[in-house]
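Here's the structure we're looking at; comments come further down.
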Amino acid sequence: MNTSQWALEGARAGLDGIDLSVLFQKSGDPAYLDKTRQEIEEAGIQVAMVTTYPDFTQPTLLNANAVSFGYRKISSQRQG
């Protein structure tokens with residue numbers, strides 16, 4: 001299920017918002033993220049929370065990269 005489908009399912013369920021994980025985004029490219037935002041808005045729902053869902057009990061390079069990616073994305077949104 002992609003992010004657009006997730007947003008539609010959340011809207012159909014009557015939710016106010018959905019949670020997203022940066023781990024499930026195919027890219028951090030601004031054009032891709034803008035398209036994803038537009039699809040969520042078109043579904044008529046908001047993003048309630050963006051997470052990375054790292055497993056801190058198994059510190060791997062993948063989890064460390066996910067945390068770093070999430071931090072950079074949140075920081076860039078605050079500055080923009």
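The values are calculated or read from the model by the stated rules, or taken from the named source; none is laboratory data. Only a predicted model underlies this, so the values are computations on that prediction, with no experimental measurement involved. All Cβ positions, even for glycine, are placed from backbone atoms using ideal geometry, and neighbour counts span all protein chains on display.
Here are a few things to note about the model shown:
- On the stretch given as the stretch 6-32, residues that are farther than 13 Å from residue 47 by Cα and not charged (D, E, K, R) total 10.
- Scanning the stretch 21-46 for residues that are touching a Leu at 6+ places or on another chain (Cβ under 7 Å) and either of a type in the set (Val, Ile, Thr) or assigned to a helix (DSSP H, G or I) (or both) turns up just one, 45.
- If you go through the stretch 3-32 and keep only what is modelled with pLDDT of 85 or more, surrounded by 12 or more Cβ atoms within 10 Å (Cβ to Cβ) and of a type outside the set (Phe, Trp, Tyr), you end up with 3, 4, 7, 8, 9, 10, 11, 15, 17, 18, 19, 20.
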